[in-house]
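Trainee: Below you will find the structure I want to go over with you.
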Amino acid sequence: MIQIQRWKIIVVTLLCAWGVLFSLPSFLPRGMVDQLPRWLHAERVNLGLDLQGGSHLLLEVDTKAVKADRLQNLVDDVRVAFRNQRLTYTDLGVEGEAVAVRLRDLADREKALTALRGIDAAATVTVSPEGAARFSYSEKAWEDRFSSAILQSLEIVRRRIDETGTREPTIVRHGKDRILVQLPGVDDPERIKRLLGTTAKMSFHLVDTRATAADAESGRAPAGSMIVESDRPGADGRREKTVIQRRVAVSGENLTDAQPSFNNGEPVVSIRFDAVGARKFGEITTENIGKPFAILLDNRVISAPNIREPIIGGSGIITGGFTVQTANDLALLLRAGALPAPLKVLEERTVGPDLGSDSIRAGTIAIAIGYALIAILMIVGYGLFGIFANITLMLNIAFTIAIMAGLGATLTLPGLAGMVLGLAMSVDANVLIYERMREEERQGRSPYPAVDVSFQRAYVTILDSNLTTLIAALFLYAFGSGPVRGFAVTLGIGITCSMLTAVTVTRMLVVGWLKWAKPKTLPI
Amino acid sequence: MIKPIRLLNRVPKVDYFRFHKLCFALSVVLCAISIISITVRGLNYGVDFAGGILIEVRTPAAPDLAKMRSDVGALNLGDVVLQDFGGSNDVLIRIERQTGGEDAEMAAVQKVRETLNKTLGGSVEYRRVEVVGPKVGGELVLDGILAVTLSLTGIMAYMAFRFGWRAGAAGVIAILHDCLTTVGLFSVSGLQFDLNVLAAVVTIAGISINDTVVIDDRIRENSRKFKRMDFRELINLSVNQTMARTVVTNGLVFLATFALVLFGGPVLFGFSLAMLWGVIAGTYSTIYVAAPLEWYLSNRGKTHAKEMQAEAGSP
C-alpha cells in the first residue's frame, strides 16, 4: 500500500493553486485582470521587446573622452594653482596619461609639490630633481572616475528618457562601461538616439571682438581665445566660424530650468539661472552692453546675439533658428543636464509593434498546435493516465509563467524555446513513468507494486536527466549573453517545476485514483 | 474508458551493434562534411554575429524591389541584399558591416530610413531594425561559444560523476556530433545562422543528452541486475527496454517541432528547422554513437561492466 502523507498533499495542492492563480493575469487580457479580486492582481509576465515590440539600445560611455577631459581640466587646475602660489613654469601640458610641467626655479620644488597635491588627493605627484613634475592617476583612481562617470551618465540618460514621456523604459548598467536602454513600444528610436548622442554641455562666452572674420577663417586666434563653428551649416553648407574668449563667462551647470516657448512667433528656449549664474550673467551683461556673446552647446555656437541691456533677473531666452521640435529637445537636454562623456550606440534592435504581435501570434499558434498534438497523443497512448499527464503539463506551464512573473524575468523568443524544452522534459518524465509501469506489469506485478516500483525507478532516471540539463542551463545563464540567458532561465524554471508537477503531482493523481477505483489491472 | 494504444507491445530484440560500423562511418562522413563546409564555405552569419544592419519593412502596396535596390544601393553602403520576406509586401534589407565602427553603422541606418521614406512615400512601416556594431557582434560569438563549451563540460562532469568517465565522454561526443551536424546543415544550405539558431543548437544538446542519460541509467540498473551479462548484450537490452519511451517522447517532440516549422512563421523558421534536424540527430546519436562508443571506450566491454557495478553505489 502506497501512503502519501497528508501534509504533502496539502502543501502540493496549495502550491498548485498558487501557480494557477498567479499565472492567470498573464493569460487574461488586461481588462479582465482588472475585474479580478484585488489580491489576485499579480504581476503579468514581462514580454521581451522581440515579442511586444520596442527598441533596445546598447550604449557605451566613452571612457577615453572621460580621461582626455579630466586631463585637460587638470592642466587648467595646475595653471591656477601655480599662479596662486606665484610659481614660474614652462611646458605645461598633457603627456600620455599624465599632466607634465617643468619648474623654472628648482628652489620651488617643495612648494610645487604641495600645490599639486592640493589639487586632488587621489592623484600621484612626482617632481624630479631636475624640476620636471608629473601629475597622474593610478589605474584604480581612473577606474573610480570612470565608474562615477558611468553612474552619472546613467542618471542623465534616465532623466532625458523620462522627459520624452516614454512609458516604462528600462535603463540599466550593463557590464563595465555600458548602459542598456529598453523602450517598449518605441518603433522609431531616432529622436532618442539623437537626444542621447548629444553631450549637451552648454556654456556662455564673450565673443572676442579683437579678431576679424578673416582671422576666424584662417584659423588664427589671439591668445586666450579660440575658434568655434556654428551649430547649423549656412545656406552654402559651410559652418560660420566665430572667435570667442576661452574663459567661460557662465556655465550651463548654473541653469536651473529651461522651457520651450515663443518669442515674436519664433520658437525659442527660455532659461533660468541659479543665484550664482544670475549674478555672473548680470555682471557680464552690465559690463559688455553692445558687445556680442556666444551661446555654445558641445562647443558649437547656437547663437551669438548682441547684449542690448543688462540681464539681471536671472532668466533669458535663447534664439537660434529653432523649430518647435528642436526647441523642445534643447530645453529637454538642458533640463536633464550634461553627460560627463559622449555615448556611443553599439547596438540597436527595434521591433515594430506589428512584427512583435505577428511573431507572438505565429509562435503561440505553433506552440498551441504542438501542445494540442502532444495532449491528444498522450490520451491516445495512455488513456486516463494521459489525462493526468496533461494536467501536470498545464500546471508546469502555469508554474513557469507564475515564477517568471514573480521574479520580474522577461519572456523572449529564445525564452519560449526554453519553455518548449522544459515541457518536452516534463512529457518525457511522464512517459518514463508510464512505460515503466507497462514493463513492470508485463513482468507480472499487480497494480500497486507496479506503480510503486515504477515511480521509484523512473525517479532516479528523471532526476539524472533533469539535473544534467539543469547544470547545462546554469552554465548557459552564468556565461551566456542576453538571448542565451533568456533561454536558460525558462529552461531552468521549467525543469525545476517538472520535478514537482511531472513526478509528485502525477504520483498523487495516480495513487489517489488507484485507491478510489481499486482496479485489477492498470488502465495503461 | 478509452483503451490506450501501445506502439510496442513487447520489448523489441534488435541488435543495435549490427550496423554500428556503418553508422560510425555515416557519422564520420556527416561530421567531416560539416567541418569542411564550415571551414571552406563558412556560415551565413546573421546580423547578430557578423554586425551590420537588418531592416524589415512593410510597404502599403507591392514593393518595387528593383527601385528600392537601386535607391539604397546608391548610398554606397557596400553589400546590400533585398529580398521578399513572409508576406508579399514585406521586404528584408541586409546591409553589410560598415567600415568606420559604430558611428558609421548608425549614420547608415539613418540614411537608409530617409531614402526609403522618400522612395516609398513615407507610408512605410518599419517592422524590425537591427544594428549591431562590430564590437557587440564579436562578443556575442565569444559569449555563445564560451557558454556552450562550459555547459558541455558541466554535463560531462555530471555524467562522469554518475555513470563513469566513459559514459560522460561518449555522451559529450554524441552531443558534439548533433551540434556539429546542425551547424553543418546551416553551412551547407546557406541558411542564416543567428542567435535564435544558436538557441536551437543548445536545445538540441539538451534533448540529446536527455536521451543518453535515460539509456545510461538503464544500463546502470541492468548491470546490477544481470551481473554476468556481456556488456554489448547489456547495451542492447537497455536500448530495447527504453525503446518504447524513446519512440513516444522523441516522436512527440518531433511532431511539436514539425508544427513549429509549419506554423511558426518566418522569424522562427531557422530555429524550428534546426530543432527538427536536432531531434532526429539526437535520437540517432544516442543509440548509434554514444552507446557503441561507450562499448569501445570500455575496451569492448571488458572493463566497463565491473566499473559500473562498483560505481553504482547509489540507487
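The values are calculated or read from the model by the stated rules, or taken from the named source; none is laboratory data. As the structure is a prediction and not an experimental result, all values here were calculated from the model. FYI the Cβ positions are ideal-geometry reconstructions off the backbone, even for glycines, and counts take in every protein chain you see.
Trainee: Conditions first: (1) within 12 Å of chain B (Cβ to nearest Cβ); (2) at pLDDT 90 or above. A:I403 passes all but one, so which condition is the exception?
Mentor: Just one mismatch for A:I403, condition (1).
Trainee: Oh, and also: For B:V47, which of the numbered conditions (1) out of contact with any Ser or Thr (no Cβ under 6 Å at 6 or more places or on another chain); (2) modelled with pLDDT of 85 or more; (3) of a type in the set (A, V, I, L, M) fails to hold?
Mentor: That leaves (2) as the condition not met.
Yes or no, residue by residue, for (1) within 10 Å of chain B (Cβ to nearest Cβ); (2) on the phi < 0 side of the Ramachandran plot; (3) buried (at least 20 other Cβ atoms within 10 Å of the Cβ):
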site	(1), (2), (3)
A:T319	no, yes, no
A:T323	no, yes, no
A:L334	no, yes, yes
A:E348	yes, yes, yes
A:D358	yes, yes, yes
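Trainee: Please note which helices (runs of 4 or more DSSP H) are completely contained in the stretch A:13-109 and include at least 1 residues that are in contact with a Gly (Cβ under 6 Å, 6 or more places away or on another chain) and in contact (Cβ under 8 Å) with a residue 24 or more places away in the chain. Spell out how you get there, then give the answer.
Mentor: Details: elements: A:30-35, A:49-52, A:63-84.
Answer list for the stretch A:13-109: A:49-52.
Trainee: Can you tell me how many residues in the stretch B:48-61 are more than 35 Å from the chain's Cα centre (by Cα) and either free of Cβ contacts under 8 Å to residues at least 60 places away in the same chain or under 29 Å from B:V141 (Cα atoms) (or both)?
Mentor: Residues that pass the stated criteria total 1.
Trainee: Give A:E440, A:E435 a once-over and let me know the one that is closer than 28 Å to A:K520 by Cα and more than 7 Å from every other protein chain (Cβ to nearest Cβ).
Mentor: Every option except A:E440 fails the conditions.
Trainee: Pull up the stretch B:258-280, narrow it to residues that are of a type outside the set (A, V, I, L, M, F, W, C) and more than 7 Å from chain A (Cβ to nearest Cβ), then point me to the one that is nearest to the chain's Cα centre (by Cα).
Mentor: So the first thing to find is which residues in the stretch B:258-280 are of a type outside the set (A, V, I, L, M, F, W, C), and the list is B:264-266, B:270, B:272, B:278.
Then keep just the ones that are more than 7 Å from chain A (Cβ to nearest Cβ); that gives B:266, B:270, B:272, B:278.
Numbers: B:P266: 17, B:G270: 10, B:S272: 9, B:G278: 5 Å.
Step by step, filter the stretch B:258-280, then rank; the result is B:G278.
Trainee: How many of the residues in the stretch A:360-380 are over 26 Å from B:N89 (Cβ atoms), among the hydroxyl-bearing types (S, T, Y) and surrounded by fewer than 18 Cβ atoms within 10 Å (Cβ to Cβ)?
Mentor: 0
Trainee: Shifting gears a bit: Would you say B:R220 is more than 8 Å from every other protein chain (Cβ to nearest Cβ), of a type in the set (K, R) and in a helix (DSSP H, G or I)? Full working, then the answer.
Mentor: Working: more than 8 Å from every other protein chain (Cβ to nearest Cβ): yes; of a type in the set (K, R): yes; in a helix (DSSP H, G or I): yes.
So B:R220 fits the description; yes.
Trainee: Residue by residue through the stretch A:428-458, note down the ones that are without any contact (Cβ under 8 Å) to a residue 60 or more places away in the chain and buried (at least 23 other Cβ atoms within 10 Å of the Cβ).
Mentor: Within the stretch A:428-458, A:D428, A:V431, A:L432, A:E435, A:R436, A:S454, A:A458 meet the criteria.
Trainee: Do we have B:V213 as of a type in the set (V, I, T), surrounded by fewer than 24 Cβ atoms within 10 Å (Cβ to Cβ) and either part of a helix (DSSP H, G or I) or touching a Lys or Arg at 6+ places or on another chain (Cβ under 7 Å) (or both) here? Give the steps one after another, and end with the answer.
Mentor: Details: of a type in the set (V, I, T): yes; surrounded by fewer than 24 Cβ atoms within 10 Å (Cβ to Cβ): no; either part of a helix (DSSP H, G or I) or touching a Lys or Arg at 6+ places or on another chain (Cβ under 7 Å) (or both): yes.
No; evaluated as a whole, the condition is false for this residue.
Trainee: Another question about this same structure. Over 29 Å from the mean Cα position of the chain (by Cα) and surrounded by fewer than 24 Cβ atoms within 10 Å (Cβ to Cβ), is that true of A:G383? Lay out the reasoning, then the answer.
Mentor: Working: over 29 Å from the mean Cα position of the chain (by Cα): yes; surrounded by fewer than 24 Cβ atoms within 10 Å (Cβ to Cβ): yes.
Answer is yes for this residue.
Trainee: If you don't mind, another one. Among strands (runs of 3 or more DSSP E) lying entirely in the stretch A:127-229, which contain 2 or more residues that are surrounded by fewer than 15 Cβ atoms within 10 Å (Cβ to Cβ), modelled with pLDDT under 85 and out of contact with any helix residue (DSSP H, G or I) (no Cβ under 8 Å at 6 or more places or on another chain)?
Mentor: Filter on the stretch A:127-229 gives an empty set.
Trainee: Hey, can you tell me all the residues within the stretch B:139-178 that are charged (D, E, K, R) and more than 8 Å from chain A (Cβ to nearest Cβ)?
Mentor: B:R166, B:D178
Trainee: Further, regarding this structure: May I ask you to say which residue of B:G282, B:G270 is part of a helix (DSSP H, G or I) and either of a type in the set (S, T, N, Q) or within 22 Å of A:N430 (Cα to Cα) (or both)? First the steps, then the outcome.
Mentor: On the way: B:G270 fails: either of a type in the set (S, T, N, Q) or within 22 Å of A:N430 (Cα to Cα) (or both).
Every option except B:G282 fails the conditions.
Trainee: So A:V489 fits all but one of (1) surrounded by fewer than 24 Cβ atoms within 10 Å (Cβ to Cβ); (2) more than 11 Å from chain B (Cβ to nearest Cβ); what number is the exception?
Mentor: That leaves (1) as the condition not met.
Trainee: Something else now. Search the stretch B:86-110 for residues that are more than 26 Å from B:D64 (Cβ to Cβ) and at pLDDT below 85 and pair each with any residue that is among the charged types (D, E, K, R) and in a loop (DSSP other than H, G, I, E, B) when their beta-carbon atoms are under 7 Å apart and the residues are at least 6 apart or on different chains.
Mentor: Filtered contacts from the stretch B:86-110: no entries.
Trainee: Another one. Which condition breaks for B:I38 when tested against (1) more than 13 Å from every other protein chain (Cβ to nearest Cβ); (2) hydrophobic (A, V, I, L, M, F, W, C); (3) touching a residue at least 40 places away in the same chain (Cβ under 8 Å); (4) within 21 Å of B:V267 (Cβ to Cβ)?
Mentor: Result: B:I38 fails condition (4) only.
Trainee: Given the conditions (1) crowded, with 24+ Cβ neighbours inside 10 Å; (2) under 15 Å from the mean Cα position of the chain (by Cα), report the number of the one that B:A167 does not fulfil.
Mentor: All conditions are met except number (2).
Trainee: Related question: I need a count of the residues in the stretch B:114-172 that are under 30 Å from B:L293 (Cβ atoms), aromatic (F, W, Y) and in contact (Cβ under 8 Å) with a residue 40 or more places away in the chain.
Mentor: The qualifying residues number 1.
Trainee: May I ask you to verify whether A:V453 is closer than 25 Å to A:L416 by Cα and either out of contact with any Phe, Trp or Tyr (no Cβ under 9 Å at 6 or more places or on another chain) or away from chain B (no Cβ under 12 Å) (or both)? Before you say what the answer is, go through the steps one by one.
Mentor: Values: closer than 25 Å to A:L416 by Cα: no; either out of contact with any Phe, Trp or Tyr (no Cβ under 9 Å at 6 or more places or on another chain) or away from chain B (no Cβ under 12 Å) (or both): yes.
Criteria not met by A:V453.
Trainee: Name the residues in the stretch A:364-400 that are within 22 Å of B:L276 (Cα to Cα), in contact with a Gly (Cβ under 6 Å, 6 or more places away or on another chain) and either modelled with pLDDT under 85 or facing another protein chain (nearest Cβ under 7 Å) (or both), would you?
Mentor: The one that is within 22 Å of B:L276 (Cα to Cα), in contact with a Gly (Cβ under 6 Å, 6 or more places away or on another chain) and either modelled with pLDDT under 85 or facing another protein chain (nearest Cβ under 7 Å) (or both): A:A366.
Trainee: Hey, can you tell me all the residues within the stretch A:396-422 that are crowded, with 24+ Cβ neighbours inside 10 Å, of a type outside the set (V, I, T) and more than 16 Å from A:P483 (Cα to Cα)?
Mentor: Residues satisfying the conditions are A:N396, A:F399, A:A402, A:G422.
Trainee: Let me ask something additional. Pull up the stretch A:492-509, narrow it to residues that are over 30 Å from B:V202 (Cα atoms) and in contact with a helix residue (DSSP H, G or I) (Cβ under 6 Å, 6 or more places away or on another chain), then point me to the one that is farthest from the other protein chains (Cβ to nearest Cβ).
Mentor: Checked the stretch A:492-509; the qualifying residue farthest from the other protein chains (Cβ to nearest Cβ) is A:R507.
Trainee: All but one of (1) surrounded by fewer than 24 Cβ atoms within 10 Å (Cβ to Cβ); (2) within 13 Å of chain A (Cβ to nearest Cβ); (3) within 23 Å of B:R97 (Cβ to Cβ) hold for B:L191; which doesn't?
Mentor: All conditions are met except number (2).
Trainee: Another question, then. State all residues of the stretch A:120-175 that are small (G, A, S) and over 17 Å from the mean Cα position of the chain (by Cα); if no residue qualifies, say none.
Mentor: Listed by number, the residues that qualify are A:A121, A:A122, A:A123, A:S128, A:G131, A:A132, A:A133, A:S136, A:S138, A:A141.
Trainee: So which strands (runs of 3 or more DSSP E) are wholly in the stretch A:275-387 and hold at least 2 residues that are in contact (Cβ under 8 Å) with a residue 60 or more places away in the chain and under 30 Å from B:M106 (Cβ atoms)? Talk me through it step by step, then tell me what you get.
Mentor: On the way: elements: A:293-297, A:300-303, A:315-318, A:343-351.
Because the criterion is at least 2 residues that are in contact (Cβ under 8 Å) with a residue 60 or more places away in the chain and under 30 Å from B:M106 (Cβ atoms), the strands (runs of 3 or more DSSP E) in the stretch A:275-387 that meet it are A:293-297, A:300-303, A:343-351.
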